[in-house]
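The values are calculated or read from the model by the stated rules, or taken from the named source; none is laboratory data. All figures in this text were calculated on a predicted structure; none of them were measured in a lab. Cβ sites come from the backbone with ideal geometry, for glycine too, and all protein chains shown count toward neighbours. Just so you know, the surface numbers come from the protein's heavy atoms only, side chains and all, with ligands and any DNA or RNA stripped out. Shrake-Rupley method; radii C 1.70, N 1.55, O 1.52, S 1.80 Å.
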Amino acid sequence: MQRPMRRNQRQNTLKRMALALLIGLVGASAAADEAKIDFKLLPPPRNIRLSDGHSNTVIRSTLEWIDWLGNLPEGVENLPTIDFNRYTLLVINAGYKTNGPFEIKIGSITDTGNEVRVRVSVIGPAPCPPAPEAGQYFAMVVIAQTDKPIQFDMSSSGGNCPRR
């Protein structure tokens, strides 16, 4: 009576191991299909005023750039020059914060085949300043020109500052 039970247990164990191996291979294959995309952070323009809330913007052409700039208040200084024949601009806006500073970190940008995924962390307040720093917290990033949909995966975490 014990032999058939042991045989079934061994078969179930082997099935589980085979399934785990298959899942691992599928996961590794999916990860291999994601190609990292090089990106460049641009220096932030001075006096820029974006929306007070969180937003992400993808700008693929000079016309889109001009339209986007037309929606901003006047007085933006040090705007970057972007060759939209070669690059796509990503504007990642954490919004206006009264208790900064905040840091926007780009974890990775990958091409998954059907879309581009941008992994972003908003960390803050960053090192605890003597007084909170109110401001607009955003990042501007260029990647190689793409027409693929762009998905932003956002996460946030508090810094080491006990004051919120």
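Elements of the type strands (runs of 3 or more DSSP E) sitting completely within the range 41-126 and holding at least 2 residues that are more than 18 Å from the chain's Cα centre (by Cα) and over 18 Å from residue 148 (Cα atoms): these cover 87-100.
Could you list all residues from the range 69-90 that are of a type in the set (A, V, I, L, M) and open to solvent by 10 Å² or more (accessible area, probe 1.4 Å)?
Passing the criteria: 69, 72, 76, 79, 82.
Is it fair to say residue 150 is in contact with an Asp or Glu (Cβ under 8 Å, 6 or more places away or on another chain), of a type outside the set (S, T, N, Q) and surrounded by 13 or more Cβ atoms within 10 Å (Cβ to Cβ)?
Here the answer is yes, as residue 150 does meet what is asked.
Of all positions in the range 144-155, none carries a residue that is touching a Ser or Thr at 6+ places or on another chain (Cβ under 8 Å), farther than 25 Å from residue 80 by Cα, assigned to a loop (DSSP other than H, G, I, E, B) and of a type outside the set (A, V, I, L, M).
Listed here are the residues, each with its yes/no results for (1) out of contact with any strand residue (DSSP E or B) (no Cβ under 7 Å at 6 or more places or on another chain); (2) hydrophobic (A, V, I, L, M, F, W, C); (3) open to solvent by less than 40 Å² (accessible area, probe 1.4 Å); (4) modelled with pLDDT of 90 or more.
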| position | (1), (2), (3), (4) |
| --- | --- |
| 92 | no, yes, yes, yes |
| 129 | yes, no, yes, no |
| 134 | no, yes, no, no |
| 140 | no, yes, yes, yes |
